[in-house]
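What follows is one structure encoded as structure tokens, with my remarks underneath.
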Amino acid sequence: MNLKLDDKDWKILFELQRDSRISMAELGRKVSLSSPSVHARVSKLEDKGVIHSYKTMVDHIKAGFQLKAMIMLRVFMGKLNPFLDVVPSFKEVVNCYRVTGNENIIMEVVFVDQFHLEKFIDKLIKYGETRTHIILSEVVSDAPLNKPIKL
């Protein structure tokens, strides 16, 4: 069940996505509400599952991973469930999506170098055919969700 979000809720969500460590007092100032009102709204958004976690974003290059890539996997017949069981154990995988289209899986992955990438692809080929795209730069990354616009 979707929670009905008003404009204040969306402003709170926007600010929290920009800085999840913001104080309730500062958040209240930004959205024109008192600190207790903001805290109550944030608690409600957490309780209803709209806000489900707070995270620390890590720069992959500064953490020692020189390559970031998107790998598309076209899974062989009968190999999807075995792949879905094993993919959470792959430490290189930052995000993994099951998708429609020619490929079944899209993964965002990080590697120390091209040799690390090669070994990872060798692990994947028993599950299906791969296509790899090296990410050169991020144009938009972790953009906050905004209030949906009805067309």
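Can you give the translational diffusion coefficient of the stretch 67-134 in µm²/s, computed by Stokes-Einstein from the Kirkwood radius over Cα pairs at 20 °C and 1.002 mPa s?
Numbers: Rh = 11.9 Å.
Taking Rh from Cα pairs, D becomes 181 µm²/s.
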Practice problem: Would you mind checking the pairs Lys30/Lys91; Lys44/Lys68; Lys4/Lys79; Lys4/Lys55; Lys30/Lys150; Lys48/Lys79 and listing those with alpha carbons more than 31 angstrom apart? | Solution: Lys30/Lys91; Lys44/Lys68; Lys4/Lys79; Lys48/Lys79
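State the Kirkwood hydrodynamic radius of the stretch 7-47 in Å, one decimal place, computed from all pairs of distinct Cα atoms.
Details: mean 1/r = 0.1027 Å⁻¹.
Radius from the Kirkwood sum: 9.7 Å.
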Quiz item: Taking springs between alpha-carbon atoms closer than 10 angstrom, which of Val99, Val38, Val140 fluctuates most in the Gaussian network model of the chain?
Solution: Val140
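Given R₀ = 22 Å, what would the calculated FRET efficiency be for Leu84 paired with Ser53, taking r from the Cβ atoms and rounding to 0.05? It would help to have the intermediate numbers written out before the result.
Working: r = 22 Å, r/R0 = 0.98.
The formula returns an efficiency of 0.50 here.
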Self-check item: Taking the C-alpha atoms of the stretch 1-78, convex hull volume expressed per residue in Å³
Solution: 171 Å³
Quiz prompt | Residue (of Leu145, Asn102, Val75) at the positive-pole extreme of the chain, dipole from beta-carbon charges | solution = Leu145
Quiz item: Relative to a virtual label point 7 Å from the Cα of Ile61 in the Cα→beta-carbon direction, which members of the stretch 126-151 show backbone nitrogen distances below 18 Å?
Solution: 134-142
Quiz item: With each run of n ≥ 4 DSSP H residues scored as -39500 (n - 2.57), what mean residue ellipticity at 222 nm is computed for the chain after dividing by its residue count and rounding to the nearest 500 deg cm²/dmol?
Solution: -10000 deg cm²/dmol
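Convex hull over the alpha-carbon atoms of the chain: what's its volume per residue in Å³?
Details: hull volume 25.5 nm³, N = 151.
Once divided by residue count, the hull of the chain is 169 Å³.
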Quiz item: Once the Cβ-Cβ distance between Asp6 and Arg131 is put in as r, and R0 is 41 Å, what FRET efficiency do you end up with, to the nearest 0.05?
Solution: 0.45
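Read the figures in this text as sums done on the coordinates, not as results from a lab. These numbers come from a predicted model, not from an experiment. Heads up, the Cβs are rebuilt from the backbone with ideal geometry, glycines too, and the neighbour counts pull from every protein chain shown.
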